[in-house]
């Protein structure tokens, strides 16, 4: 069961890195740039928002060696769940990639977490974008049960 779940997750993440994904920049500093795929955004009935996030790392940054980019890779794609009301985060799993912008071989996959944790600082921009109040011209992406 576990191997099937990881295989399914990696397959989904592999397709997320394809050219059809429109990555939108949500934050940037001297070490990394965080993007989200607006097309992956889903909101559950209880208000939890799930979205695909891509973090692209700057190998020339002084933080790169300490962070282990040579072993991990230059980018990672992660499916994240955000509890906007409580500013909590949970990883739904992901994987490190050899190349920039989610390209190349997956070097280190990681499984989903069961526990919620405080939002990490590197996702401040993601929280701001995803958890902002929707303007009237944005499309609704609320989950609608079948037959609703």
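The values are calculated or read from the model by the stated rules, or taken from the named source; none is laboratory data. All values reported here derive from a predicted model rather than from experimental measurement. Heads up, the Cβs are rebuilt from the backbone with ideal geometry, glycines too, and the neighbour counts pull from every protein chain shown.
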Given (1) within 19 Å of residue 48 (Cα to Cα); (2) surrounded by fewer than 16 Cβ atoms within 10 Å (Cβ to Cβ), index of the condition residue 81 fails: (2)
Out of the strands (runs of 3 or more DSSP E) lying entirely within the range 43-148, which hold 1 or more residues that are closer than 17 Å to residue 23 by Cα, within 12 Å of the chain's Cα centre (by Cα) and at pLDDT 95 or above? 48-57, 75-83, 88-97
Can you say whether residue 68 is surrounded by 16 or more Cβ atoms within 10 Å (Cβ to Cβ) and at positive phi, as far as the supplied structure shows? no
Condition (residue is at pLDDT below 95, in contact with a strand residue (DSSP E or B) (Cβ under 6 Å, 6 or more places away or on another chain) and over 21 Å from residue 131 (Cβ atoms)) applied to the range 24-31: is it met by at least one residue? no
